[in-house]
Amino acid sequence: MLQLAGRYASGFIAEVWTIEEARAQREMFRNAARDAGRDPNEIKYFAGLMSTIAPTVREGLDRRIALSGDTLPARLPHLGAMLGLRLDPAAFDQPLTPAQLSAARAASGDPRSGVALKVAREGWSPRDILAHGVIDYHPVTIGPAEVHADHLQEWFEAGAADGFWILPDVYEDGVDTFVDEVVPILRERGIYPEDYIGATLRENLGVPTQYGLDARLR
């Protein structure tokens, strides 16, 4: 896959959970492009982000809990495995005890476990920890628009992404809210363009036209 992307891809959508992981993976793809005789800037690396925009984190968590239905309780054993703990369903809405937090360890091999442990140490209950999206397939940001803008800015400026694959919790209202509330903040910070450069995605990504085999590789 890496060699194939290095030869032909204009963009790659990643499933990564930490800046360090994303930065290393992005460099792998850039190196693969170099090895194929391409300019590494011709392959853009996109990190995923799942967003819930709400006035407060608590309101955002409540929204995610309502949307999740009965799936969160079913994920409790998975969360316990990520933290190295046996979690009692009867204490689903109670923060972890000091003894549990002292014994908790992030499971090796799963970068989401470190995120779960961090959220647990902030004092949230298992239900709320799960509502934070610690078992989802991309990082999750919850709360006011500034929270989401901060995440995007931190990853972008750290060289962990060229752009982002945004997945709102509910597309019917999440996309418009993101555009109306988050994008203006990014523009104020000078990390989002005021206008589009061209009329196509390829033009706006700044990657050359390429259909079929790259003529430089024949």
*Might you let me know whether segment 172-181 holds any residue that is of a type outside the set (A, V, I, L, M), at pLDDT below 95 and either assigned to a loop (DSSP other than H, G, I, E, B) or touching a His at 6+ places or on another chain (Cβ under 8 Å) (or both)?*
no
*Can you work out which of the residues in segment 182-218 that are of a type in the set (Val, Ile, Thr) and in a loop (DSSP other than H, G, I, E, B) is modelled with the lowest pLDDT?*
209
*Of the residues that sit in segment 2-18 and are in contact with a strand residue (DSSP E or B) (Cβ under 9 Å, 6 or more places away or on another chain) and either surrounded by fewer than 19 Cβ atoms within 10 Å (Cβ to Cβ) or assigned to a strand (DSSP E or B) (or both), which one is modelled with the lowest pLDDT?*
5
*Identify, please: which residue in segment 81-121 is polar (S, T, N, Q) and closer than 23 Å to residue 20 by Cα and is, among those, farthest from the chain's Cα centre (by Cα)?*
108
*When you look at residue 42, is it at pLDDT below 95, surrounded by 15 or more Cβ atoms within 10 Å (Cβ to Cβ) and either touching a His at 6+ places or on another chain (Cβ under 8 Å) or closer than 19 Å to residue 138 by Cβ (or both), yes or no?*
no
_Go through (1) without any contact (Cβ under 8 Å) to a residue 12 or more places away in the chain; (2) in contact with a Pro (Cβ under 7 Å, 6 or more places away or on another chain) for residue 171 and report which single condition fails._
(2)
_Matching residues in segment 129-147 - criterion: being under 30 Å from residue 77 (Cβ atoms) and outside any loop (DSSP other than H, G, I, E, B)_ = 129, 130, 131, 140, 141, 142, 143, 147
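Give the residue that is nearest to residue 2 (Cα to Cα), with candidates limited to residues of segment 28-58 that are in contact with a strand residue (DSSP E or B) (Cβ under 9 Å, 6 or more places away or on another chain) and in a helix (DSSP H, G or I).
Residue satisfying both the conditions and the ranking: 29.
Quick grid of which residues meet (1) among the hydrophobic types (A, V, I, L, M, F, W, C); (2) exposed (fewer than 12 other Cβ atoms within 10 Å of the Cβ); (3) at pLDDT 95 or above:
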| site | (1), (2), (3) |
| --- | --- |
| 71 | no, yes, no |
| 77 | no, no, yes |
| 120 | yes, no, yes |
| 126 | no, no, yes |
| 145 | yes, no, yes |
| 150 | no, no, yes |
| 156 | yes, no, yes |
| 159 | no, no, yes |
_Looking only at residues that are small (Gly, Ala, Ser) and either at pLDDT below 95 or surrounded by 20 or more Cβ atoms within 10 Å (Cβ to Cβ) (or both) in segment 19-39, which one is nearest to residue 139 (Cα to Cα)?_
22
*Does residue 22 satisfy the condition of being assigned to a helix (DSSP H, G or I), touching a strand residue (DSSP E or B) at 6+ places or on another chain (Cβ under 6 Å) and either under 20 Å from residue 166 (Cα atoms) or of a type in the set (Lys, Arg) (or both)?*
yes
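In the set 105, 38, which member is farther than 27 Å from residue 165 by Cβ, basic (Lys, Arg) and in contact with a helix residue (DSSP H, G or I) (Cβ under 8 Å, 6 or more places away or on another chain)?
On inspection, the qualifying residue turns out to be 105.
The values are calculated or read from the model by the stated rules, or taken from the named source; none is laboratory data. Since we're looking at a predicted model, the values are computed, not measured. A quick note on method: Cβ atoms are made from the backbone with ideal geometry, for glycine too, and the neighbour counts reach across all protein chains shown.
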